[in-house]
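Where a number appears in this text, it was derived from the coordinates with a stated rule and is not lab data. Since we're looking at a predicted model, the values are computed, not measured. Cβ sites come from the backbone with ideal geometry, for glycine too, and all protein chains shown count toward neighbours.
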Amino acid sequence: MKRVLITGAAGFLGSHLCDRFIREGNHVIGMDNLITGDLKNIEHLFPLENFEFYHHDVSKFIHVPGHLDYILHFASPASPIDYLKIPIQTLKVGSLGIHNCLGLAMVKKARVLIASTSEVYGDPTVHPQTEAYWGNVNPVGPRGVYDEAKRFQEAMTMAYHTFHGLETRIVRIFNTYGPRMRLNDGRVLPAFIGQALRGEDLTVFGDGSQTRSFCYVDDLVDGIYRLLHSDYSGPVNIGNPDEISIGDFAEEIIKLTGTTQKVIYKDLPVDDPKQRQPDITMAKTLLGWEPKVHRSEGLKVTYDYFRSLSTDELNKVEHKNFEKYNRSLMPAV
Ligand code: UDP
């Protein structure tokens, strides 16, 4: 039985990874400081003997007794609204946090997989984005704290690989959705579904022509699982190339939920990428991976999840104040 440490275990992706690694017969040690994570995402694992949880901030020294085979570093805020609310923690978890994980991996002789992101490509000038593209990132803009932390994280991980010979894997994750997304993190899918469920208008930022490509969480987790078990140490895009404009996406959500509300238009946040679509040739070739879940199918499951939340949870929406974060706090640099 392999022993796997998953940081950010109580988050959206972390919790789904815990499920997968448990299902595959591993011993999983989850770690989270619960700033953006939520224990309810993993409470079903607590009765299991092959699951342990440490309430710990990975930006501080990490001690885990016993041996470890794999470390998956998934701790990080991951939505533009979170970067604005907790910019320093975002920078720390991507820098100090990964340093601690890599140090721990050296001691344990463990393989490390880090969660990187399509944000390393910034507002891309190359479309679709291949791993060979270096990106177009504004280091001092509102997204800089996340983008640069993730870019630093990749650099640090490669340095441990080349200098120390540590076994490392880097996944560049594109927009992903599914059950357990936080309703109030300001990301577009929970924002739209939450608005539909509360009977509010759907807020499209800008004119809605910017594009994203949404991957269902089970597909993403499968890609990550395969990458971990591969022998490739360079960055690999995992995402669904099925690209859609945010305006069309709002229409899809209106249809899915049957809401009678309309779309309203708000200011586009600073540095909001205009288009994003992964080139997944590398994942196909190296891992034999490609996404299987069509958006219509994945959205249905996700909608059912949000519908099952209590009215209290539905109404706990910090993103109603999103405008507070939208422009005034963002220097246009
Ligand atoms: N977006 C929107 N309305 C919202 C929330 C987000 O139109 O209520 C837009 C946002 O400006 C961006 C896209 O949806 O262009 C995806 O935003 P998200 O925060 O989900 O992810 P990211 O920008 O990091 O891809």
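The range 209-265 and the range 172-197 have Cα centres lying 10 Å from one another. Bridge orientation summary for the chain: considering DSSP beta bridges with both residues in this region, about 10 percent are antiparallel.
The mean of 1/r over all distinct Cα pairs in the range 130-234, once inverted, gives the Kirkwood hydrodynamic radius of 16.7 Å. Here the relative contact order of the chain, from alpha carbon pairs under 8 Å that lie six or more residues apart, stands at 17 percent. Overall, the chain carries a charge dipole of about 420 debye about its Cα centre when +1 sits on the Cβ of Lys and Arg and -1 on the Cβ of Asp and Glu, all other atoms neutral. If you sort the three axes of the alpha carbon gyration tensor as a ≥ b ≥ c, you get a/c of 1.5 or more for the range 1-136 and a/b above b/c, which makes it prolate. Taking each residue as 0.36 nm, the span from Lys292 to Arg198 lengthens on full extension beyond its C-alpha to C-alpha distance by 30.7 nm. Potential lengthening of the chain between Thr281 and Leu39 amounts to 83.5 nm, from the contour at 0.36 nm per residue minus the alpha-carbon distance. Modelled label positions at Ala132 and Ser233, each set 7 Å beyond Cα in the direction of Cβ, lie 2.2 nm from each other. Loop-located trypsin sites (Lys or Arg not before Pro) across the range 203-306 with a Cβ neighbour count of 15 or fewer within 10 Å are Lys262, Lys274, Lys292, with loop assigned by DSSP. For the range 196-263, calculate the relative contact order in percent as a whole number, restricting contacts to Cα pairs under 8 Å that are 6 or more residues apart. Relative contact order for the range 196-263 comes out at 57 percent.
Across the alpha-carbon atoms of the range 31-75, the computed radius of gyration and Dmax are 11.3, 28 angstrom.
Counting only Cα atoms, the chain measures 55, 44, 38 Å along its principal axes, largest extent leading. Within the straight-line cut-off of under 20 Å between alpha carbons, the lysines reachable from Lys316 are Lys40, Lys85, Lys324, sequence neighbours fewer than 8 places apart in one chain being disregarded.
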